[in-house]
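Please read the structure below before turning to the comments.
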Amino acid sequence: MILGQSGFLVPNGAMVVELLVLCGLSLGIWALVDVLRTPEPAFRAVGRSKSTWVTLLVVLLVLAGPLGLAAATYYLVAVRPRLKGRSTTST
């Protein structure tokens, strides 16, 4: 932390990058957990494959961080709402 012009402590550039990476990783983990908790029939009902989404999220989050973030965002914004309209998550 550095002292800003206003006298308040503000994060330096490295801390901002770390915060963005942590937020992106959290989003990816949220998407992956949601995929794992959603029953396979819900995926079939909307023409998707659960195993494909699990593989896609794991591989892209581990090997290509920004692409994993894009895939997680797409899943949470476009696919998840359709899945939730078809079925509730398993317990």
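Let me check I have the definition right: for region 25-91, take the eigenvalues of the Cα gyration tensor, multiply each by 5, take square roots. What are those semi-axes in whole Å, largest first?
Values: eigenvalues 79, 23, 21 Å².
After scaling each eigenvalue by five and taking roots: 20, 11, 10 Å.
Whole-Hz Karplus ³J(HN,Hα) for region 46-53, in order, using 6.51 cos²θ - 1.76 cosθ + 1.60 and θ = phi - 60°, x for Gly and Pro?
So the Karplus estimates, Gly and Pro as x, are 10, x, 10, 10, 4, 5, 5, 5 Hz.
Just to confirm a number: summing +1 for Lys and Arg and -1 for Asp and Glu over residues other than Val54 whose beta-carbon lies under 13 angstrom from that of Val54, what do you get? Before the final figure, lay out the partial values.
On the way: positive: Arg37, Arg48, Lys50; negative: Asp34, Glu40.
That works out to +1.
Can you tell me the FRET efficiency between Glu18 and Ala70 if r is taken as the Cβ-Cβ distance and R0 is 22 Å, rounded to the nearest 0.05? Walk me through the numbers before you get to the answer.
On the way: r = 20 Å, r/R0 = 0.90.
Efficiency at R0 = 22 Å is approximately 0.65.
Taken together, the values in this text are just the output of simple stated rules run on the coordinates, not laboratory data. Please read these numbers as outputs of a predicted model, since none were measured by experiment. Cβ sites come from the backbone with ideal geometry, for glycine too, and all protein chains shown count toward neighbours.
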